[in-house]
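Here is the structure we will look at, set down as structure tokens.
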Amino acid sequence: MSQSLNLDAEYHVTGKTMYLDDLPELHGTLYAKVFYSRTAHGRIRHTDLSEAAVYPGVTRILTSRDIPGENQIGGIIRDETLFAEEEVHYIGQPIGMVVAESSVAAHRAAELIRIQTESLPVITDPREAFQKGGLLSPSRTFLTGDPDGAFAGCAHIFEGTADSGGQEHVYLEPQCAYAVPRGQSGVLIYTSTQGPTAVQRTAARVLNIPMNLIEVDVGHIGGGFGGKEDQASPWAVMAALAAVALQRPVKLVLDRKDDLQMTGKRHPYSSDYKIGLDHDLKIVAYQATFFQNGGAAADLSPAVMERTLFHATNSYFIPNVRVTAHCCKTNLPPNTAFRGFGGPQGMFVMEAAIHQAARELGVHASSIQGKNLLQDGDEMPYGQVMDRTRARDSWAVVRENFLLDNRLEEIRQFNQTRKDLKKGIAVMPVCFGISFTNTQMNHARALVHVYGDGSVAISTGAVEMGQGVNTKMIQAAASLLGVSHNQVHLLNTNTTRVANTSPSAASATADLNGRALSDACLQILERLIPLARAELKVANEAELTFKMNEVFVNGQPSGLTWNTLVQLALARRINLSAKGHYLTPQIYFDKSIEKGHPFLYHAYGAAVWTCTVDCLRGIYEFDAVQVIHDWGDTMNPAIDLGQVEGGLVQGMGWMTLENLVYNESGALKSSSLATYKIPDLYSVPKKLEIQALESGGVNGAFFNSKAVGEPPLMYGIGAFFAVINGILAFNPHAKIDYSAPVTHEKVLLALYS
Ligand code: LUZ
Ligand code: MOS
């Protein structure tokens, strides 16, 4: 089953992959441009559309008044308009859209729109929002053991704050949609979304038509990273609104600048922690309060906040824990899903607490990390009793293969001999729960048709965003049916083929959709097996295997090919189509007591980062990152390796380089890719070594191949602490703020603090 291949790669690198904006446009297509608030908080006094309305080529300007249904796009909480009505709550909040015969005309006309607002107080800081009672959803606390009692008996207690910044998704393909009206039959929406059903549901609500009149179609999307889990919906709904109102096809593509201004990002967090240890460096108690910067509407923030709580203790067993999270309302664009979904923010605080403890106790953080790793039977603060844990196996590789002790000693010696250059080293263990934390989202369906010529078409709810899920689905169907890859075609993700989908998110897309697909394939096989047995006069079903487009009997080719079998089946009027379904077993969570078993399994691993800090200039480079990663029996090493590499570099960018700056009036200052820097080839560690943790038997994943999308991102947190350790090697008394990203400017200031 396991194969190293990416069926899309050739099309990507030769430019043949069709993205939304590459679709041939229908005759009569119109182009939309969204206009938005330039004030972070205010009352709209006057909107002057007159000049724009008469600009040559303008067909129509639509605002909240043109919405036939509800002006409401909130997913978890109904607190967000499609187009602002009386008030605006962030810079970039859509107010309306210009629809014109050309994209240029729409853009020019939009510049002529004048909006007068009366300013209201602006809040950008989550702690300030919290103090003023600005919450988007109720606060939550996970509690286990008796933290207060435990702290009273601790040998060492340390307290501090840790802040992590936001992160822009920088999907290569910006948000876009193309809507085609179908008269009485509703509307077809092409969209670049991770969540086709979210688009369908939201469009139905806003347009006031039932979901069965809305067909959502998704081909390849050019990156998502969470930014299109929920936030692809507004643009698709706007295009559909205009298409239905004007009965003409409407295309809406955000340019990069508009996308950066209008869409939400990873949530910045500001957090307080308190950690208690015994004489033996065992963590006895941990407490943290997370102030999540949710932005101006809830979007997915309550779910992101929940995942922060689930991952607050990372890979460690801590018997006494109290962690509380507040989802704070600020005047920034609503922040949203981003690879890791709050998990990274929670783990960063845990690692900061450990780092502070290590610094004050005069040991390397790894001495504390290694002593507190999870093992089977440990109960997490949310009640799940851990099994099939791999935290200690991963750590053993760090010590035995990556020679952690030798590395620490080499670096100690280097730092003794050099004054201008200092090296830092840090280890980042990761334990990430796999399943949507919202139990009811953990299900999927798939459709399989076998045609008369033996070719197979499959469709699932999975969206291909570059992560390789299409290849994995084709691999699975081909191997189950015993046909070759090129005999299987994967159809666009489409709400008329597969309904009521969960978004492609939570690292669970291949697991969920793959299992639904297996169900469908196995149903078809069950109908074919009796036929093959009769045809080949085989008594026992166990003697048959389907492989290489042929039926094998006791391991020998029988001469009965797949194509012949399919033709025989059709002649007997056998149904060669099937719908598969899957729901994740075992999982549940009781929010009233904040306990349960929310995850089917966990993914583990660890990364060792080393860096060199130039202590004259404050700049740094990563010498190496060594990773041990637990992907089980990977079904596709090429794809999974790409996910590990991409994830860890994206995490490194979040922690070191990517600096989202809003000023006090809520304006995004890092509003272009010239001022917002993401990692490039030169930022990547000079040495990148990734090892696979030996499979530890059955683990709960699809084909035993563990989810790999998000877990590696959190390796990036180690990059932060490697740099901090480099600074401390130069100046042991440096004032360290656990404030990510640790940019070169911050390093220079800390070196001489
Ligand atoms: N999306 C979501 C996610 O809706 N629920 C989740 O638990 C989740 N986890 C990771 C990434 N996206
Ligand atoms: Mo996501 S953060 O898995 O959309």
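The values are calculated or read from the model by the stated rules, or taken from the named source; none is laboratory data. What you are looking at is a predicted structure, and each value in this text was computed from that prediction instead of being measured. In this analysis, Cβ positions are derived from the backbone assuming ideal geometry, glycine residues included, and neighbour counts consider all displayed protein chains.
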Next on the checklist: Against the condition without any contact (Cβ under 8 Å) to a residue 24 or more places away in the chain and either out of contact with any Gly (no Cβ under 8 Å at 6 or more places or on another chain) or assigned to a loop (DSSP other than H, G, I, E, B) (or both), how does Arg38 come out, does it pass?
Outcome noted: no
Next on the checklist: Can you pull out every residue in region 691-716 that is among the β-branched types (Val, Ile, Thr) and touching an Asp or Glu at 6+ places or on another chain (Cβ under 7 Å)?
Outcome noted: Val708
Checklist outcome for this item: Pairs returned, first residue in region 290-319 that is over 22 Å from Gly718 (Cα atoms) and assigned to a loop (DSSP other than H, G, I, E, B), second residue that is away from ligand 1 (no atom under 15 Å from the Cβ) and among the aromatic types (Phe, Trp, Tyr), beta-carbon separation under 8 angstrom, 6 or more apart or interchain, are Ala296/Tyr90
Item to check | Answer from Ser2, Ser64 - the residue that is touching a strand residue (DSSP E or B) at 6+ places or on another chain (Cβ under 9 Å), more than 23 Å from Glu118 (Cα to Cα) and among the small types (Gly, Ala, Ser) | outcome: Ser2
Checklist entry - Quick check: is even one residue across region 631-644 surrounded by fewer than 22 Cβ atoms within 10 Å (Cβ to Cβ), farther than 17 Å from Lys472 by Cβ and not small (Gly, Ala, Ser)? => result no
Checklist entry - Does region 580-591 include one or more residues that are free of Cβ contacts under 8 Å to residues at least 60 places away in the same chain, under 18 Å from Ser479 (Cα atoms) and buried (at least 20 other Cβ atoms within 10 Å of the Cβ)? => result no
Item to check | Among the residues listed as Ala198, Ala177, the single one being part of a strand (DSSP E or B), surrounded by 15 or more Cβ atoms within 10 Å (Cβ to Cβ), in contact with a helix residue (DSSP H, G or I) (Cβ under 9 Å, 6 or more places away or on another chain) and among the small types (Gly, Ala, Ser) | outcome: Ala177
Checklist entry - What residue, among those in region 412-442 that are among the hydroxyl-bearing types (Ser, Thr, Tyr) and at negative phi, is nearest to the chain's Cα centre (by Cα)? => result Thr437
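Which residues, counting only those in region 448-465, are under 22 Å from Ala506 (Cα atoms) and away from ligand 1 (no atom under 16 Å from the Cβ)?
Pass one, region 448-465, residues under 22 Å from Ala506 (Cα atoms): 459-465.
Matches in region 448-465: Ser459, Thr460, Glu464.
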Next on the checklist: Can you go through Gly647, Gly651 and tell me which one is closer than 30 Å to Gln475 by Cα, in contact with a Pro (Cβ under 6 Å, 6 or more places away or on another chain), of a type in the set (Gly, Ala, Ser) and buried (at least 17 other Cβ atoms within 10 Å of the Cβ)?
Outcome noted: Gly647
Item to check | Top-ranked residue of region 488-512 - restricted to ones that are away from ligand 2 (no atom under 16 Å from the Cβ), in a loop (DSSP other than H, G, I, E, B) and of a type in the set (Val, Ile, Thr), ranked as farthest from Val304 (Cα to Cα) | outcome: Thr496
Checklist outcome for this item: From the option list Asn406, Asn486, Asn401, Asn500, single residue qualifying as more than 30 Å from Met548 (Cβ to Cβ), without any contact (Cβ under 8 Å) to a residue 40 or more places away in the chain and not charged (D, E, K, R) is Asn406
Checklist entry - In region 443-465, which residues are buried (at least 23 other Cβ atoms within 10 Å of the Cβ) and either part of a loop (DSSP other than H, G, I, E, B) or on the phi > 0 side of the Ramachandran plot (or both)? => result Gly461, Ala462, Val463, Glu464, Met465
Item to check | Flag for Lys274 being surrounded by fewer than 24 Cβ atoms within 10 Å (Cβ to Cβ), among the basic types (Lys, Arg) and not in a loop (DSSP other than H, G, I, E, B) | outcome: yes
Checklist entry - Out of all the residues in region 130-185, which are of a type in the set (Ser, Thr, Tyr), under 30 Å from Val199 (Cα atoms) and in contact with a Pro (Cβ under 6 Å, 6 or more places away or on another chain)? => result Ser137
Item to check | For Gly227: the one exception among (1) out of contact with any helix residue (DSSP H, G or I) (no Cβ under 8 Å at 6 or more places or on another chain); (2) surrounded by fewer than 24 Cβ atoms within 10 Å (Cβ to Cβ) | outcome: (2)
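So which residues in region 81-112 are outside any helix (DSSP H, G or I) and surrounded by fewer than 20 Cβ atoms within 10 Å (Cβ to Cβ), if there are any at all? Step through it out loud before you land on a result.
The initial filter retains those residues of region 81-112 that are outside any helix (DSSP H, G or I), namely 81-102, 111-112.
Of everything in region 81-112, those that are outside any helix (DSSP H, G or I) and surrounded by fewer than 20 Cβ atoms within 10 Å (Cβ to Cβ) turn out to be Glu85, Glu86, Glu87, Glu101, Ser102, Glu111, Leu112.
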Item to check | Filtered residue count, region 376-405, keeping only those that are among the hydrophobic types (A, V, I, L, M, F, W, C) and farther than 21 Å from Arg307 by Cβ | outcome: 7
Checklist entry - Would you say Leu517 is closer than 18 Å to Thr193 by Cβ, over 17 Å from the mean Cα position of the chain (by Cα) and either at pLDDT 95 or above or within 16 Å of ligand 2 (Cβ to nearest atom) (or both)? => result no
Item to check | Unique residue being away from ligand 1 (no atom under 16 Å from the Cβ), closer than 23 Å to Ile474 by Cβ and touching a His at 6+ places or on another chain (Cβ under 6 Å) when the list is Ala520, Ala516 | outcome: Ala516
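Matching residues to (1) without any contact (Cβ under 8 Å) to a residue 24 or more places away in the chain; (2) aliphatic (A, V, I, L, M); (3) within 16 Å of ligand 1 (Cβ to nearest atom):
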{"residue": "Leu172", "(1), (2), (3)": "no, yes, no"}
{"residue": "Ala177", "(1), (2), (3)": "no, yes, no"}
{"residue": "Val180", "(1), (2), (3)": "no, yes, no"}
{"residue": "Pro196", "(1), (2), (3)": "no, no, yes"}
{"residue": "Pro234", "(1), (2), (3)": "no, no, no"}
{"residue": "Met238", "(1), (2), (3)": "no, yes, no"}
{"residue": "Val253", "(1), (2), (3)": "no, yes, no"}
{"residue": "Ser270", "(1), (2), (3)": "no, no, no"}
Checklist outcome for this item: Reported set for region 320-347 where residues are in a loop (DSSP other than H, G, I, E, B) and either among the aliphatic types (A, V, I, L, M) or away from ligand 1 (no atom under 16 Å from the Cβ) (or both) is Thr330, Asn331, Leu332, Pro333, Ala337
Checklist outcome for this item: Filtering region 263-282 down to residues that are away from ligand 2 (no atom under 16 Å from the Cβ) and either small (Gly, Ala, Ser) or in contact with a Phe, Trp or Tyr (Cβ under 6 Å, 6 or more places away or on another chain) (or both) yields Ser270, Ser271, Ile275, Gly276
Next on the checklist: Being buried (at least 17 other Cβ atoms within 10 Å of the Cβ) and more than 16 Å from ligand 1 (Cβ to nearest atom) is true for just one of Ile717, Ile678. Which residue is that?
Outcome noted: Ile717
Checklist entry - Restricting attention to region 201-250, which residues are away from ligand 2 (no atom under 16 Å from the Cβ), assigned to a loop (DSSP other than H, G, I, E, B) and β-branched (Val, Ile, Thr)? => result Ile209
Item to check | Conditions (1) within 18 Å of the chain's Cα centre (by Cα); (2) surrounded by fewer than 24 Cβ atoms within 10 Å (Cβ to Cβ); (3) not polar (S, T, N, Q): number failed by Leu213 | outcome: (1)
Checklist entry - Does Arg515 meet the test of being part of a helix (DSSP H, G or I) and in contact with a Phe, Trp or Tyr (Cβ under 6 Å, 6 or more places away or on another chain)? => result yes
